1. Please specify each residue of the range B:375-388 satisfying the condition of being in contact (Cβ under 8 Å) with a residue 24 or more places away in the chain and small (Gly, Ala, Ser).
2. Test B:Thr217 against the stated conditions and say whether it is under 26 Å from B:Asp128 (Cβ atoms) and touching a Pro at 6+ places or on another chain (Cβ under 8 Å).
3. Across the range B:167-216, what is the number of residues that are polar (S, T, N, Q) and over 23 Å from B:His258 (Cβ atoms)?
4. State whether the residues of the range B:76-95 include one that is in a loop (DSSP other than H, G, I, E, B), without any contact (Cβ under 8 Å) to a residue 12 or more places away in the chain and more than 22 Å from the chain's Cα centre (by Cα).
5. Looking at the range A:109-120 only, could you name the residues that are surrounded by 12 or more Cβ atoms within 10 Å (Cβ to Cβ) and within 19 Å of A:Ala159 (Cβ to Cβ)?
6. Looking at the range A:75-98, which of its residues are facing chain B (nearest Cβ under 10 Å) and over 17 Å from the mean Cα position of the chain (by Cα)?
7. Would you check if B:Lys52 is out of contact with any Phe, Trp or Tyr (no Cβ under 8 Å at 6 or more places or on another chain), over 19 Å from B:His127 (Cα atoms), modelled with pLDDT of 95 or more and basic (Lys, Arg)?
8. Any residue at all in the range B:322-341 that's at pLDDT 95 or above, within 14 Å of chain A (Cβ to nearest Cβ) and touching a helix residue (DSSP H, G or I) at 6+ places or on another chain (Cβ under 9 Å)?
Amino acid sequence: MLSIKNLHASVEDKEILKGINLEIKAGEVHAIMGPNGSGKSTLSQVLAGNEAFEVTSGEVTLNGENLLDLETEERAREGIFLAFQYPVEIPGVSNLQFLRTAVNAMRQHRGEEEMNAAEFMKLAREVSKQVDLDPSFLKRGVNEGFSGGEKKRNEILQALLLQPKLAILDETDSGLDIDALKVVSDGVNALRSEDRAILMVTHYQRLLNHIVPDYVHVLAGGRIIKSGGRELALELEEKGYGWLGIKDEEDAGN
Amino acid sequence: MKPVPKLSSAFLHAACDCMPEPLLALRKQRASALVDMPLPTRKTENWKYSAKYLKLSDDMAISLPADGKTGTSLAVPGYKVVFLNGVMIPEASEFPDLDGITIESFRDLNNDDATALSKKLGGTLDHDQAQFARLNGARFEDGLLIRLKPGAVLDQPLFIIHETHGDASGSAYPRVYVEAGANSQMTLVEEYTSGGEAPVLVGTVTEFDVADGANITSIRLNMEGENVQHIGATGVLQARSSRFESHCVGFGGPLRRHDLQVRLEGEGAETKLNGVVVTQGKQHYDNHTAIDHVAAHCNSEETYRNIAADKSHAVFNGRIHIHQDAQKSNADMNNKNLLLNSGAEIDTKPELEIYADDVKCAHGATIGQLDETSLFYLVSRGIGRRDANVLLTMAFINELVAQIPVEAVRETAQTRLNEFFDKTFEEA
């Protein structure tokens, strides 16, 4: 489904990604782990199409189509979804209006009829319950005044509504207490299906206890330096990133 | 040094003497004071950013005739008074006889009422700041006097549709005076619209004399066309424990100027001023507001938002004057501005003068662009660029539009805003 070949990307002329290679097939769940500053979030942002990052070489295809040629909104309509590490607060745009505009943009792209306000309200309420978010959050501004956990649940709510082909979860576990982690993980697990792939980007392996990946990759210095199965994450947990001869800036800082 | 330009004497002559004698006398007196009135230049402090948009010519001095047909057969959800080129058109107006409330054309006033009115007209305004209210004072040919007896409540909004038809060049001077008795209540909606294509000047004055405990809402919607230069002034006097609420929504034009002056003269008076301005193309809009806290224990809350696209220019000047005796005043002024293109210009200036020592006075002004991170977030969900831009721009003013207490006005404003978005954000 997703094929990344020798991807290089920079921000403000500083090269962050230095040749990423990754193949993800439909139905698979991949985890990318790595210390802070390794390029994990850059990879997520580049895949979603953030123009602040410049792709200097390499190739990314989604189901054979060149992803890098597409605008951000076109990538989303082709099925890329990024759950943000720091979801954006947009006061003045109601969550409901935002979600409905997004869902209808997708439906229009697929040649389906738009959902009217009543139909959409019903659907949104159901999905809110699934991520344990009170429906009153639908009427508030997008992420406005939401706690960290509520913001993350709102991201999963969006993924469930938009039903992407590839869901990229950027540090979705950060800032979550154990109950919220469970709710978010259940939401993500509900997304797992044969025709959908999930790419999780995470610093810690605790999320992987709840969402069990098929493959684990270690990203360091802008490259994937090791790949393996689930057991790789456990090994990292036990031995730390130092085991692979890389320095974790956060650990070093602490 | 260039000589200071003066108002052409052509502007001093009113066309018709069809009002009661006391009002004609007042007008004559005001006209004599207008002789050689200096026109604002960029060196005139309160016209610094706007003087260059003022383009008067002698043929604009002629009073526009009020005999054309009005375009307003439009139903409004309330009572309706139609003014054409500054003159009330009774056939187009619809309001019943109301208990304790009189709504009359200046032309229909008896001598006593006209005498009483002539002593009050203009009394709510500082004419040194709103210079062009003087021109209205010298030229008005009609007006609407609304009197609410103590305790009277107008059960539906009163809409005044001010139409200006410029089939040939000229000017119009609509005037409204509201005398709100103690504990009375009303919502006044003023809509300024226009037809024709000849360059015209509209110089308006609206005044509110708000007695103890009265509660008045004023909504002003400026939607005139590209041929209209509009210079308006609104003056408000507030007595003890009264409440005044203003919602101004303005769309730009070749020249748009509104002076809104509120004097809080009685203890416990409260005022809330909201304003939204959008400009595009080469349009202009200038809001000058002034709140005078004269008495103690008064509250004022002011929120204005400007959005300027293309090469347009919006101006906000907010003055708060807290007089020496106005202890325990609470004043809050906030102006946020959104520039949609690099060629657009917004000038904002708070002016605070505080002479009392026990007051709370907060002010804030910001100028920014649409937030790239928010835009990325929206498009990353499949929302198109145009829709994302519209959502974010609307988000900037949503709160103020939502507060307009008359649904029909919100709808009209939204329709016009959508036209603004259509012209400003093209489909990618």
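1. B:Gly384
2. Criteria not met by B:Thr217.
3. 3
4. no
5. A:His109, A:Met115, A:Phe120
6. Listed by number, the residues that qualify are A:Glu89, A:Ile90, A:Pro91, A:Gly92, A:Val93, A:Ser94, A:Gln97, A:Phe98.
7. yes
8. So far as the range B:322-341 goes, yes, one or more of its residues are at pLDDT 95 or above, within 14 Å of chain A (Cβ to nearest Cβ) and touching a helix residue (DSSP H, G or I) at 6+ places or on another chain (Cβ under 9 Å).
The values are calculated or read from the model by the stated rules, or taken from the named source; none is laboratory data. Predicted, not measured: the structure shown is a model, and the values here were computed from it. Methodologically, a virtual Cβ is constructed for each residue, glycine included, from the backbone with ideal geometry; neighbour enumeration extends over all protein chains shown.
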